[in-house]
Amino acid sequence: MKPIDIEIAAIVGQARSGLLRTAHGDVATPGFMPVGTRGSVRGIDAADLEGLGAEMLLANTYHLMLRPGEGVVAALGELQTFMGWRGPVLTDSGGYQVFSLEPRVSEEGVVFRSTYDGSRVELTPERAVAVQEALGSDIAMVLDELVGLPAPVDVVRNAMERTLRWSERAQQAKSRDDRALFGIVQGGADPGLRAESASRTAALGFDGYGIGGLSVGESREDMIGALDAVLPQLPDDAPRYVMGLGDTEQLLDSISRGVDLFDCVLPTRLARHGKVLHPDGDFSMRRREWAQDEQPLDSECDCPTCDRYSRGYIRHLFQTKELLGGRLLSLHNLRYTLRLMEQARASIVHGTFERWRDGVLARRLTGPDGDFLANPD
């Protein structure tokens, strides 16, 4: 029995909808994973996430291996029991976080300093797999090397080649047959390198495929070019996951090209800074125009925040720096993103995806595109 499987129920153009079957339950695709970096989505508990419609979470290998340590998580029943979460979990390999720490990279792996206590930490492809297997995630990711964009082509190629070598080592290190391992496609913004990375990664025969190295400074056009180069090289019967995308336009661009899974800290990070995700265009709750506004954040939204609280109250929370403001807005922004996925799936099933997508994008262009912290007082 395969540790993971995807069943495609409907296709419109290249956009596809189906079910991702895992050891801890099924996930409707295209699907979005809220990010629980340290084993929690900041300010949001497992019951909240279930109520919002989340079906799968992402947790971070780098942070959990340092605090509390994968052995502690394993002793407490692996991630689901540890987090009180009943559904599937994907863990990233830690490569993105390590990238931000300017590590020393060698063929063996990466060496960096812990952000917690400054101690020396070494992470190899084998260690990344072992940590994730101890955490018990349904999907583990290989350790990859990514580079910030733009970058010289030789730098991008070298990182791509090393990722491929590390991917083979990760496969050899895998010991759990009940959990999936995904390869990661690199190649920067170069379509030729992207296509080559995708075809060679697919040839290794992973359970699924992450598309990494995006959202690191490239333009929207470069992102679309990378996806157009990669996706035809990946097998149709394996899940495709774009790592770190959560912007509405990027999500729709990717779904249109056949991507199944997404994750991003964007909904909750923006929420903590007072930004509302909205069908008519995103806006800041810090604007004085909301001070006496009785409306919910979004009259069409079914989240707990929009059901109960006014814009005026939520602005007050941000003005007074009450923690509740970030929590209430995080609930809304997560629900906005999860509803977008639900609507995308429904439109694919009904054969109306392209018309629905064009309507979503047109509506956002005509609404408040506001400078997010403009007129803060």
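Shape analysis of the chain places it in the prolate category; the axes a ≥ b ≥ c from the Cα gyration tensor give an a/c of at least 1.5, with a/b above b/c. Among 129, 265, 246, which residue has its Cα positioned farthest towards the positive end of the charge dipole of the chain, with +1 placed on the Cβ of Lys and Arg, -1 on the Cβ of Asp and Glu, and the dipole taken about the Cα centre? It is 265. For the chain, 264, 303 stand unpaired, since no other cysteine beta carbon lies under 4.7 Å from theirs.
Within segment 23-264, DSSP assigns beta bridges of which about 25% are antiparallel (rounded to the nearest 5). Rounded to the nearest 0.05, what FRET efficiency do residue 111 and residue 292 give with R0 = 56 Å and r taken as the Cβ-Cβ distance? Could you check? The value I calculate is 0.50.
Annotation: extensible slack from residue 38 through residue 236 equals 68.0 nm (criterion: 0.36 nm per residue apart, minus Cα-Cα distance). FRET efficiency for the pair residue 14 and residue 119, taken as 1/(1 + (r/R0)^6) with r the Cβ-Cβ distance and R0 = 51 Å, rounds to 0.65.
In loop segments of segment 270-340 as defined by DSSP, the trypsin sites (Lys or Arg not before Pro) with at most 11 further C-beta atoms inside 10 Å of their C-beta are 321. Which helices pass in the chain if a helix is a full DSSP H run, must span at least 27 angstrom along its long axis by Cα, and must have mean Kyte-Doolittle hydropathy not below 0.0? The answer, listed by residue number, is 323-349. FRET efficiency for the pair residue 165 and residue 81, taken as 1/(1 + (r/R0)^6) with r the Cβ-Cβ distance and R0 = 35 Å, rounds to 0.50. Figure legend: label point modelled 7 angstrom from the Cα of residue 178 along Cα→Cβ; residues of segment 81-122 with amide N under 19 Å from it are 81-91.
Each label was represented as a point 7 Å from its Cα along the Cα-to-Cβ direction; for residue 320 and residue 199 these points are 6.2 nm apart.
Every number here is computed from the coordinates shown, using simple stated rules; none is lab data. No experiment lies behind these values; they were computed from the predicted model shown. Positions of Cβ are generated from backbone atoms using ideal geometry, with glycine treated the same way; all protein chains shown enter the neighbour counts.
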